[in-house]
Amino acid sequence: MARDLAIDLGTANTLVYARGEGIVLNEPSVIALNSQTKEVLAMGKEAWQMIGRTPSYIVAVRPLRHGAITDFEVTQRMIRLLLERVGVSRFNKPRVIICVPSAITAVERRAVTEAARRAGAADAQLIEQPMAAAIGANLPINEPIGNMVIDIGGGTSEAALISLGGVVALEAVRVGSFDIDHAIQGYVRRQYGIAIGERTAEEIKLTIGSAAPTPDEVRAEVRGRELMSGLPKTVVLTPAEIREATDEPVSAMVDAVLECLAQAPPELAQDLIQQGIHLVGGGGLLRGLDHRIAAEADVDVHLVQTPLECVVLGAGRCIESYEAVKAMFMDSKR
Ligand SMILES: Nc1ncnc2c1ncn2[C@@H]1O[C@H](COP(=O)(O)OP(=O)(O)OP(=O)(O)O)[C@@H](O)[C@H]1O
Ligand SMILES: [Mg+2]
């Protein structure tokens, strides 16, 4: 008997949950290919370590950009590798639930289900990420109460208001935490004439990035390559300058939340004053982001306990009771 699986195929990280077992895989969504032969050399953590460090014939690629499949072929191979890793074979085909952004187009929906079926799934169903996140956060989604979740991922930010098992209001933008990394890269290049890689930029975000001033601010020393001389050089960055440099993507995230609130029917908006908003996704861990959203929206914001796993845990709950929750799956044919 094949184990049914729930997959959160994110722009940054891929997680797999197996029925009856829990999370069985959690790796960066990266695969390394030989650019001449198209042979897959590595995936996940191993491929991630190759980013920016490969000889010219190896490319480390992320199959998704801004939550959408950019390369169907690569995505299909990545899903196949994932399924192999968790023990799926030709004789052992599981049903899978895949979490997708709610703003996904019909073409993208078909691409994802098709990729999963070709990669060896007996059946592939889609579930909207905010719905999975709300289930993962233990919110009472089937009650006539306004539940709001904000999912800040690597490539997308989604704010959704859920009531009676359905999405009532949604605002999704294709701006995510990777855009903060890119803003940092651009800033260091413009301001100091120094090139840094995307992994270094992410490291800067993790150590000193923030959405609002925090009491314990420290500086960070960063090494990069000076563009003029081509030599390694060190600069010292302050949280304040990084905050300013990354304000555009951060504001876009906050604005998505305000947009969603503006669409909410008044009765449900009332509920949020009591319930607050739940923040999920790795990008939600940015220092001060919860406070900034709370201040601008004038509603409490709670960062969930496991922001990076919340979506797959919610989809996992659906896998545990596949038959009962069938109604929640998105139609992939429309
Ligand atoms: N402590 C942290 N502070 C700021 N950002 C963080 C932190 N931890 C992780 N991140 C960022 O969170 C992002 C990954 O989040 P997540 O795994 O939720 O994205 P994803 O689900 O793969 O993307 P998407 O949902 O957009 O497809 C990365 O860009 C990472 O840099
Ligand atoms: Mg995600």
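The values are calculated or read from the model by the stated rules, or taken from the named source; none is laboratory data. Please read these numbers as outputs of a predicted model, since none were measured by experiment. Positions of Cβ are backbone-derived with ideal geometry, glycine not excepted, and every protein chain shown enters the neighbour counts.
Applying a threshold of 8 Å to beta carbon distances and a minimum spacing of six or more residues, or different chains, the list of pairs starting in the range 143-160 at a residue that is outside the structural domain of A269 (by TED's automatic domain parsing) and at positive phi and ending at one that is in a strand (DSSP E or B) and within 16 Å of ligand 2 (Cβ to nearest atom) is empty. Exactly one residue among D179, D216 is over 30 Å from K326 (Cα atoms), of a type in the set (D, E, K, R) and modelled with pLDDT under 95, and that residue is D216. Quick check: is even one residue across the range 163-175 surrounded by 22 or more Cβ atoms within 10 Å (Cβ to Cβ) and among the charged types (D, E, K, R)? No: zero hits. Inside the range 7-24, residues that are part of a strand (DSSP E or B) and surrounded by fewer than 17 Cβ atoms within 10 Å (Cβ to Cβ) make up a count of 3. Pick out the one residue from S163, S177, S157 that is touching a Gly at 6+ places or on another chain (Cβ under 7 Å) and away from ligand 2 (no atom under 16 Å from the Cβ). The conditions single out S163. Restricting attention to the range 5-47, the residues that are in contact (Cβ under 8 Å) with a residue 24 or more places away in the chain and touching a Pro at 6+ places or on another chain (Cβ under 7 Å) total 6. The set of residues in the range 80-118 being within 16 Å of ligand 1 (Cβ to nearest atom) and more than 22 Å from R19 (Cβ to Cβ) consists of P101, S102, A103, I104, T105, E108, R109, A111.
For the range 176-186, the set of residues classified as surrounded by fewer than 21 Cβ atoms within 10 Å (Cβ to Cβ) and either more than 17 Å from R65 (Cβ to Cβ) or near ligand 1 (Cβ under 9 Å from one of its atoms) (or both) consists of G186 only.
The range 96-164 holds strands (runs of 3 or more DSSP E) entirely within its bounds, and those carrying 1 or more residues that are in contact with a Lys or Arg (Cβ under 9 Å, 6 or more places away or on another chain) map to 123-128, 157-163.
Only residues that are surrounded by 14 or more Cβ atoms within 10 Å (Cβ to Cβ) and either among the polar types (S, T, N, Q) or under 18 Å from the mean Cα position of the chain (by Cα) (or both): list them for the range 187-198, please. Of everything in the range 187-198, just one residue is surrounded by 14 or more Cβ atoms within 10 Å (Cβ to Cβ) and either among the polar types (S, T, N, Q) or under 18 Å from the mean Cα position of the chain (by Cα) (or both), namely E198.
Let's see how each residue does on (1) out of contact with any helix residue (DSSP H, G or I) (no Cβ under 9 Å at 6 or more places or on another chain); (2) at pLDDT 95 or above; (3) assigned to a helix (DSSP H, G or I); (4) not assigned by TED's automatic domain parsing to the domain that holds L286:
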{"residue": "A183", "(1), (2), (3), (4)": "no, yes, yes, yes"}
{"residue": "R189", "(1), (2), (3), (4)": "yes, yes, yes, yes"}
{"residue": "A201", "(1), (2), (3), (4)": "no, yes, yes, yes"}
{"residue": "V236", "(1), (2), (3), (4)": "yes, yes, no, yes"}
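Scanning the range 245-294 for residues that are part of a helix (DSSP H, G or I), surrounded by 18 or more Cβ atoms within 10 Å (Cβ to Cβ) and β-branched (V, I, T) gives V250, V254, V257, I293.
When restricted to residues that are touching a residue at least 40 places away in the same chain (Cβ under 8 Å) and among the acidic types (D, E), the range 260-302 contains 3. Within the set N34, N92, N13, the sole residue that is within 16 Å of ligand 2 (Cβ to nearest atom) and of a type in the set (S, T, N, Q) turns out to be N13. Step by step: first the residues of the range 67-78, then only those that are part of a helix (DSSP H, G or I) and within 16 Å of ligand 2 (Cβ to nearest atom), then the one that is surrounded by the most Cβ atoms within 10 Å (Cβ to Cβ). Which residue is that? It comes out as M78.
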